[in-house]
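Engineer: The structure that follows is given in the form of structure tokens.
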Amino acid sequence: PVLVTEGEKAAVGLDGHSGASALLLSHVCITSSGGANAAKSSDWTPLAGRDVVIWPDADKPGAIYAEDVARLAQEAGARTVRIVDVSDLDDGFDLGDEIPSNLDIEGRIRNAGECGRYISFGPFTMDPVRGLSVEIEKDDKAETHFVSGPFEVLGRVRTGDGQQWARLLRWFDEDDR
């Protein structure tokens with residue numbers, strides 16, 4: 001299995017702290033080059049067929065990075081992609097920091113949530129967290145526009161008399177129903 005962290009410090013350690021590669025001998029620990037905003041600049045094809053776990057930094061850029069890496073890993077053909085929940089950790093915490101004695105790293109990895117699949121069709125992309133967006137070319141520049149929250153197409157449905165077709169959709173509202 002592969003563990004992806006947001007930066008070199010978290011992957012290999014600096015400043016006297018170990019980093020993920022020393023803490024998790026059962027995983028190949030990697031990161032991308034260029035920091036939280038540059039995940040797309042790295043080659044993710046070596047993740048094809050692998051089980052991938054992403055441990056983001058405990059902050060908003062970390063969450064965005066995790067989503068970007070999840071999408072890129074899926075596009076590269078990763079077998080599974082999961083993200084560790086770090087929402088209860090100190091702001092900015094990563095695996096290159098001093099590890100709290102009560103932090104069960106292996107347990108968090110075992111319980112990491114499976115990512116929904118990112119689906120692209122034409123200029124549209126369905127992100128399981130951000131939702132549906134469309135990329136529009138304007139003045140030789142690509143612009144991404146939000147269309148809707150995430151939803152799932154369950155299948156096609158038809159009226160009882162067989163005259164009309166529609167798509168059956170499922171989504172969660174703001175109350176998670």
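Engineer: Of the numbered conditions (1) assigned to a helix (DSSP H, G or I); (2) within 15 Å of residue 11 (Cα to Cα); (3) open to solvent by 50 Å² or more (accessible area, probe 1.4 Å), residue 26 fails exactly one; give the number of that condition.
Structural biologist: Just one mismatch for residue 26, condition (1).
Engineer: It is to be established whether one or more residues within the range 75-89 are charged (D, E, K, R) and either more than 18 Å from residue 2 (Cα to Cα) or touching a Cys at 6+ places or on another chain (Cβ under 6 Å) (or both). It would help to see each step written out before you state the result.
Structural biologist: Applying the first criterion (charged (D, E, K, R)) to the range 75-89 yields 75, 79, 82, 85, 88.
Keeping just the survivors that are either more than 18 Å from residue 2 (Cα to Cα) or touching a Cys at 6+ places or on another chain (Cβ under 6 Å) (or both) gives 88.
Yes, the conditions are met somewhere in the range 75-89.
Engineer: For residue 18, are the conditions met, namely being of a type outside the set (Lys, Arg), surrounded by fewer than 21 Cβ atoms within 10 Å (Cβ to Cβ) and either over 13 Å from the mean Cα position of the chain (by Cα) or in a helix (DSSP H, G or I) (or both)?
Structural biologist: On the way: of a type outside the set (Lys, Arg): yes; surrounded by fewer than 21 Cβ atoms within 10 Å (Cβ to Cβ): yes; either over 13 Å from the mean Cα position of the chain (by Cα) or in a helix (DSSP H, G or I) (or both): yes.
Yes, satisfied.
Engineer: Follow-up. Residue 60 passes all but one of (1) closer than 27 Å to residue 130 by Cα; (2) open to solvent by less than 50 Å² (accessible area, probe 1.4 Å); (3) over 12 Å from the mean Cα position of the chain (by Cα); (4) modelled with pLDDT of 90 or more; which number fails?
Structural biologist: (2)
The values are calculated or read from the model by the stated rules, or taken from the named source; none is laboratory data. Quantities reported herein were computed from a predicted structural model and do not represent experimental measurements. With ideal geometry, Cβ positions are generated from the backbone for all residues, glycine too; neighbour counts draw on all protein chains shown. SASA here: full protein model, heavy atoms, side chains in, ligands and nucleic acids out. Shrake-Rupley method; radii C 1.70, N 1.55, O 1.52, S 1.80 Å.
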